[in-house]
Structure formats: structure tokens, C-alpha cells
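First the structure, in the form of C-alpha cells, and then the observations on it.
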């Protein structure tokens, strides 16, 4: 038997890091926790090759000074607690000071940070070595790791394929974002923006957007309750929204997603009798517990928790849900806490269209809702919403949209959707096939020309070079007009520009964005129209995006009411087929 030996510190760190950093998703989890603890309002996560090649998290939080940065990669260095007893009062997501040292032990770690109105600093650390020097950055922190486990083959061989690791990273990202609707989140995978979750929405809206339930918003409910030392909110679907499994049942405690069978069982028990056999409710419990009454320090990744009053919490959740279900099934309205529910227009930015409220189905490209018929579900959803909000019920048969005044093409009847491209509507003896992307593009284009475009500040500005002094002069002359349309550019030096704001919902890559900006001077006096067309193209719904019946019909009606029935690039947005043509085609005329 070998004699006991003390491992070298660098080897001990690598082994201990495995309890905290076992795959790229763990890096995403730890870095987002640090960003949230730093009071960030904008968080951007970027990964490459499933996070194995790169994990980067940028935020606009309070940042660190030089001394804190130099200390942050030391084992158990933390600003959140000073002794064990502090665990009874801390509300931060992180507290053990393990994440950054663990990341530096298994990957190449780089941190760039700055406090407001102070100099920025960069720290590069890996395998026991560290280098600290000056940098350039606005207030906040960017943490990135490269080449995870490259020097530890025994661990790297147990990672999944990059696509699988990327999905795990995305899941962690969504779980973090779900509990913090006041923070804006962006998720970029291999250079492509995959998820954009704006801030300033309700907990219900954030949960729906994160987990692809936008089209079922009328079926989701917000319920709240409290007890001694704890409060909770439950976002839950009514009997019309269920699944054959429990994949969309979640428990969050003090902002963390945890695995807690007891509370998940409380969700099921509280809604027992309201769902068909073998179907399970969709919902999430967001629990806020006094830190003295919960212990998260029992699992390396804080996935589990011990509650001092677990029975009381279980009982409160169960009885509140039972009361809710009882009122719901009786057809009476249930008194809930006030919670904002802004309409979500096609552009995914706050905008109202008179007489219409749009509820687009986001993130469901190319498919209908699982196992459901879209039209029937939407009719059911609207009927249920009307039942509990004292509104007029919507007929579940043929749906029509009422216009404020007689539109040029009259009131349309929804027929269906085709190939993820066309919306089919009818009026009289005419059938219209409407290109949903082109139609939405025309609507947005007209809106962008008539009103300012809301902008979204970039955490990391994009730099680009003008090709000539004439282009410099053109950009300087028109940058105020562009700023009113969501594009803010600043000049750092001759021919050197910095792009700091883009229109909300902009989905082009960095290269496509810079190309669109550089194309502006070549458009002469039509630069505003050109930029509005680019904005409309990059924010309009895509081919394959699922639109429920109500949204599709509203889009079709507004598109046909437009004075110009072409997209900004000149393509027609719809084609018309006469009833006689169809009858002739089958030899009935």
C-alpha cells in the first residue's frame, strides 16, 4: 500500500475544481451568478463549440478594481461572506469563492473589468500562473475561458458532443434568466444570437419567453402566497395547458433553480383533479426564503437546499394552488397580485397598434405546439381568458378580426398556414396567400419611418473603419438621424468608428451589422430608408415561425391595409386566387 503524500497545490486545485467545474454549463452558471451578484442589468453569454472552446459572460455590473481583480483567483477569496455565520444573512448567489480559481485550474481564464469612472484591468490566469495589466472597457466585467480541459484529457473525454454541451449551456442560461425578469439577457452560440430576453417584463412573461410558451400566455396564471419567513410566486398553466411529462415543472429558491422533490410534489398535489389522466401541469415555483431558514451549502453547484420549515412551505403552496384551481373550475375570477403584461408586438419591442394586441409565438420555428392543434388551442385559450377576465368569449369556429373602420379589403377570414411561409385568409370569393416575413417587414418598415426606433445598448461596442474621408463626413452628418432609428455611432479617430447601440431585436451577426452600416453612405439621400429596410429585415418574423390564429389574422389584416403591398425590397407580400380559378382547376366550371 502506497504511503500518504501531500499533493502539490496545483494538482490539488485541479482535482477540487471538478466539484465545481465539471462541464461548460458549470462555467456559464458560475459566471452568470457573479454577474447577478454584481447588480448587472445587462448580461450577455457567448459560447463556441459548446463552450469547450470558449465561454464568455459580459455584464454591466459594478466591476472590480486592480486589487480585487488580483485577489479574485485565490482559493476561497470572496467579497460576499467573511465567516461561516454570514451564510445565515447573505442573499448572494455565490459565496464560497471557488468558481474563478476552479476555472483557472482547468482552462485559460481571462477577466477584463472596470469600476465606473476608473481604469480597466485585465487578468490572464492558467495552471498556477497569472498576469495583470491595463485594458480598455466600460464599467462592468467580462469573464472568458478558453480550451476547457485541454490539459486534463482524463476529464475532457467525458464531455458530450459540442451540440449537446451547447444545449446544456443554454438550459442553464434560461434557468438563470427565468428568475430575474428585471435583467436583460442575450445568448450567443458560435457567433449567432440564439436568445434575446428583454428586461422590464413580468415574471410570467419572462417564464413564457424563456421556455417557449408565448402562444399560451392566456393559459398561464400568476399566483402568490406567503408564510412566516417566506413568500412565493407560482407561474402555472390552467387545465388547458399540460404535458405528458414533468419537464416544465421547476422550483426556484432565492433565485436558484434547485431539485426539490417535495415542492414539485406540492405543485402536483395542489392541482390534483384539474388535469386529464397521465397529464401533468406546467409551472414554476419561485420561492423567497429568509437566508436563516435555508441552507444552500450542501451541494457543490447549489442544486439542492435544506429548508428549516419545509412542511410549512409545502402546505402553503398546496393550499394556495387548491384554492386557485377550485375558483378556476367554478368559472369565477381569482384575485391575483397585480403584474404587468405588456403586449408583445411582432418586433419584440414595446409598441401598440391601435385596436389590436399581438401575441407572437417566439422560438417555435417550423413546428406547431407539441401534440396540439394550433387553431383549436388558440380558440380554447382565448375562450378561457374571456371566461376569467369578464371579456367577450371568442368563437372557436371561423375567426374574423374586426377593424376600427372598413379596411380596403374588408374583414378577412382565417383559413390556415402553409409551409411555415404563408398565411391563408379569405374574403368573399378571393383567397389570399400572404408571405408572413415580407408582410411583417412592410409593417415594420412603415413604423420605423414614422417613429423613432428603440435602441439596445451593446455591452461590448463594435468597431469598424470608414473607407474614406467622404464616408467619415457622411457618418458625422447623419449620425443624429441614425440615432433616432436605434443606431448610435461614435468616432474615435479618423476613419475609426465605434457602434454602441443597435435596434432592439436586431439579429444579424457582427459582420453583417458592420456591412449594413458601411453600406449606408453608398445609398445617397435614401440612407434613412435604407437603414429602416435593414432594421425591418433583421427584426421581422422568419419563415417557419409559428403564428397562432389570432396573431396571423391580425398580421394579415394590417399588411393588406398597407398603402404599398410590397416589402421594402420590392417583392409582393401576397398573391390572390379567385374562387373561379380554383373551380376551373378541378373542372367544375
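The values are calculated or read from the model by the stated rules, or taken from the named source; none is laboratory data. Every value quoted in this text rests on a predicted model; they were computed, and no experiment measured them. Please note: Cβ atoms are built from the backbone with ideal geometry, for glycine as well, and neighbour counts cover all protein chains shown.
Here are some notes:
- Test for residue 220: is it buried (at least 21 other Cβ atoms within 10 Å of the Cβ), in contact with a helix residue (DSSP H, G or I) (Cβ under 7 Å, 6 or more places away or on another chain) and on the phi < 0 side of the Ramachandran plot: yes
- So residue 589, is it assigned by TED's automatic domain parsing to the domain that holds residue 529 and in contact (Cβ under 8 Å) with a residue 60 or more places away in the chain: no
- Test result for residue 205, on the phi < 0 side of the Ramachandran plot, surrounded by 20 or more Cβ atoms within 10 Å (Cβ to Cβ) and in contact with a helix residue (DSSP H, G or I) (Cβ under 6 Å, 6 or more places away or on another chain): no
- Residue match in the range 494-510 (condition: over 15 Å from residue 535 (Cβ atoms) and without any contact (Cβ under 8 Å) to a residue 12 or more places away in the chain): no
- Answer residue from the range 78-97, given it is modelled with pLDDT under 55 and assigned to a loop (DSSP other than H, G, I, E, B) and is nearest to the chain's Cα centre (by Cα) among those: 95
- Residue check: residue 555 meets all listed conditions (1) within 32 Å of the chain's Cα centre (by Cα); (2) assigned to a loop (DSSP other than H, G, I, E, B) but one, namely (2).
- None of 206, 144, 186, 226 is outside the structural domain of residue 112 (by TED's automatic domain parsing) and at pLDDT 95 or above except 206.
- Any chance residue 231 is outside the structural domain of residue 549 (by TED's automatic domain parsing), surrounded by 18 or more Cβ atoms within 10 Å (Cβ to Cβ) and within 24 Å of residue 326 (Cα to Cα): no
- Any hit, the range 158-172, residues being modelled with pLDDT under 95, over 30 Å from residue 209 (Cα atoms) and assigned by TED's automatic domain parsing to the domain that holds residue 69: yes
- Residue 480 vs. criteria out of contact with any helix residue (DSSP H, G or I) (no Cβ under 9 Å at 6 or more places or on another chain), farther than 27 Å from residue 142 by Cβ, exposed (fewer than 13 other Cβ atoms within 10 Å of the Cβ) and free of Cβ contacts under 8 Å to residues at least 60 places away in the same chain: yes
- Selection count, the range 507-548, where residues are at pLDDT below 75 and closer than 21 Å to residue 212 by Cβ: 1
- Evaluation of residue 102 against (1) modelled with pLDDT of 95 or more; (2) over 24 Å from residue 459 (Cβ atoms) (one fails), failing number: (1)
- From the list 572, 503, the one residue that fits, being within 25 Å of residue 437 (Cβ to Cβ) and surrounded by fewer than 20 Cβ atoms within 10 Å (Cβ to Cβ), is 572.
- With respect to the stated conditions, residue 236 fails to be surrounded by 20 or more Cβ atoms within 10 Å (Cβ to Cβ), without any contact (Cβ under 8 Å) to a residue 40 or more places away in the chain and not in a helix (DSSP H, G or I).
- Pairs with Cβ under 6 Å, 6+ apart, first in the range 307-318 and over 14 Å from residue 260 (Cβ atoms) and not assigned by TED's automatic domain parsing to the domain that holds residue 288, second modelled with pLDDT under 90 and in a strand (DSSP E or B): none
- The set of residues in the range 450-471 being buried (at least 16 other Cβ atoms within 10 Å of the Cβ) and part of a helix (DSSP H, G or I) consists of 471 alone.
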